[in-house]
1. Subtract the Cα-Cα distance of LEU291 and SER619 from 0.36 nm times their separation in residues, and report this length gain in nm to one decimal.
2. Note down the nm distance, to one decimal, between modelled labels 7 Å out along Cα→Cβ at ALA683 and at THR612.
3. In µm²/s, what is D for region 597-699 at 25 °C and 0.890 mPa s, where D = kT/(6 pi eta Rh) by Stokes-Einstein and Rh is the Kirkwood radius from Cα pairs?
4. Kindly provide the pair-distance distribution of region 16-174 built from C-alpha pairs, with 10 Å bins from 0 and whole-percent values in order of increasing distance.
5. So what are region 195-447's ellipsoid semi-axes, whole angstrom, largest first, if each one is the square root of 5 times an eigenvalue of the alpha-carbon gyration tensor?
6. Distance in nm between label sites at LYS42 and ASP248, each 7 Å beyond Cα in the beta-carbon direction?
7. Consider the candidate values (1) 1.00; (2) 0.94; (3) 0.98; state which one is Rg/Rh (Cα atoms, Kirkwood Rh) computed from the structure displayed.
8. Once fully extended, how much extra length lies between TYR645 and THR321, figured as 0.36 nm per residue of separation less the alpha-carbon to alpha-carbon distance?
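Bear in mind these aren't lab numbers, they're just calculated from the coordinates by the rules spelled out. Keep in mind it's a predicted model, so treat the numbers as computed, not measured. Cβ: placed from backbone, ideal geometry, glycine included. Neighbour counts: every protein chain shown.
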Amino acid sequence: MSKYSLYPVTLEGDDIEVKREEIREYFHNTCDLYESVFDVLKNDDIFYKYSELTRHPMIFYFGHTATFYVNKLVNMKVIKNRINPELESIFAVGVDEMSWDDINAQNYAWPKVQEVREYRDKVRELVDNLITNMPLTLPITFDSDMWIILMGIEHERIHIETSLVLHRQMPLEFVKEVDKFKACTHSGVAPTNEMFHIDTQNIQLGKSKSHHLYGWDNEYGTHEEKVSEFKTSKYLVSNAEFMEFVKDGGYENEEYWDAEGKKFLDISKAKYPTFWVKEGSEYKYRTLDKLIDMPQDWPVDVNALESEAFCRYKSKKDGVTYKLPSEVEYRAIYNFAGLKDLPEFHESRANLNFYHFSSACPVNEFSFNGIYDVVGNVWQWSSTAIYGFKGFDVHPAYDDFSTPTFDNKHSLILGSSWASSGNMIMKHSRYAFRKHFPQFAGFRYVISSASYKDEDSIYESDELVSQYCEFQYGDEHFGVKNFAIETAKIAVNFSQNFKKILDLGCATGRTTFELAKSFDEVVGIDFSVRFIGVGSRLKDDGYVAFHSYEEGALYTNKKLTISELGYDSIKNKISFLQGDACNLKPNFNSFDTIMATNLIDRLYSPKLFLNTIHERLNSDGILILTSPYTWQESSTKKDFWLGGYRNSSGDEIKTLDTLKEILEENFELIHTQDLEFIIKETARKFQHSISEVSVWKKR
């Protein structure tokens, strides 16, 4: 039994101090396990190697989970001070092959491994102290400060597994055997797969905010669906079963692959699964740290595209249509198996949570009412692209955890793997990856009459994002001109040079596109991927589509193409990136103009932003600020407001006066004006506001 088999903490309880100790133990257990994952790397030099060119080097992942705690705690105003702003900037954002990912190695100056170790120790001390001393009431809820701690713990649990996937892709000379991660040592003849009948069920997915375990935003809400009877494979597809596909030329026969699959083959040149190694005419199997004889009865590790291709191959071979199960069909299998959720379910019943092995094991080892590996061993690819349930709502601390994946390009993986722990082994967990991503994932197949459809549409249904789309791309109201276009005109009027401009707080990107009409290079940055995803979609897919709300739940759909907007010829000048205005990466510099549009009164530390922004401008650079100065504690603690209050002497403090005090050392104020804007909420409700525009020239 592994020392890392600790279960997730329940949110309920009667004794606050006991609950603190449970969380504290779970936190340190998670940190210990995560750090031991990096013991697999042979030496510190390997931290700077890349497992995949589409990912960061391993030093990023070593630091990322620690900085996640600090960044979220600062953003949610649980703490005021950072530990190391530089590390908390460069380790902030990972990559998922989205257009806003920054994987340019030249933009990163990675720190020494020992520096990151010392940083991780400081974060441990900080979080331990918070767990011990922060205010706490039970049960722990969505808006509790302790929820942010649990979020950090579960986030690191995810990266335990994803980091192991990357380490397993490292050349063997870069990794070493670690006692804590021992692979299964037995295998045999693979069982012959057979089909198992599942009766019709009414399926209910989702959970309520009162659930007793931590959850990610996509788990909450409801989805109900009747699932007609179907058949499922008794076992996960084994290496031996998949070997037939490989030896029959499955990777060479294009009829088994859809367009995305063919693209994967063209780029990867794959002829067999990622964790297989061909030696002569034989295939070997790569575990975390060694090459072994092919374990025929272990589940195959493949991506979704390979899984789908196998189903097409087997369908042609058997004259029966096989598919990957949908999310609701998987739940029907889960229900049939009689599985219980944590903490009633014990880890010894499946190959998960490092309890038995640090690898897969035979597919006929763990039975659940006659069906094997319903949970554990390897994840199972589904036919369902992840989407939000009815009632889906983002958590403000991590609003881009799920929404960027609601793009019909991320398929759900279900059931957990041998390396899964924490939230990942819970009944309601929902994780999704791009179809070509390698994971500790395989598949089972079903024979089903269900017709699968995409749950998501092209129209942006996030109410806040839709509102900003309407604001930036929608109709003009009451004679007030489009704010995004007008602010771009101001930037053009006052800029001295037109090589490079930063649109900070770019939201859904309309101003960014307008600026590209005049500037050679435009960088649009927003804290929220929910927003920059709109601009990225317009650039990459050629359209913006959203709900325009009319009354209550009624809305009309609006769609504009890049051609209609006139941006076709300028889109390549633009890049959209995620970033924190108060802690931007060092590579965001050398701008001729910086615009911060309706931003400063939404920052957690506006003075920090203003005190350093001059460093990112060229000589004679222009800084343009717009803001309606709607200071509120939900965005900025009152101690950090630049205006809108009386000081201890009773004097009124106005924002523009404070801006002058802060900026006058490095800037000259050259222009101010008022600029109206209208935000439509519904057909009969609008926000009419006035921003003050201030234009500053760098001294």
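1. 112.4 nm
2. My value for the distance between the label points is 4.8 nm.
3. D, rounded to a whole number, is 166 µm²/s.
4. 10, 39, 34, 14, 3
5. 29, 20, 19
6. In this crude spin-label approximation the distance works out to 4.0 nm.
7. (3)
8. Contour length minus Cα-Cα distance gives 109.8 nm.
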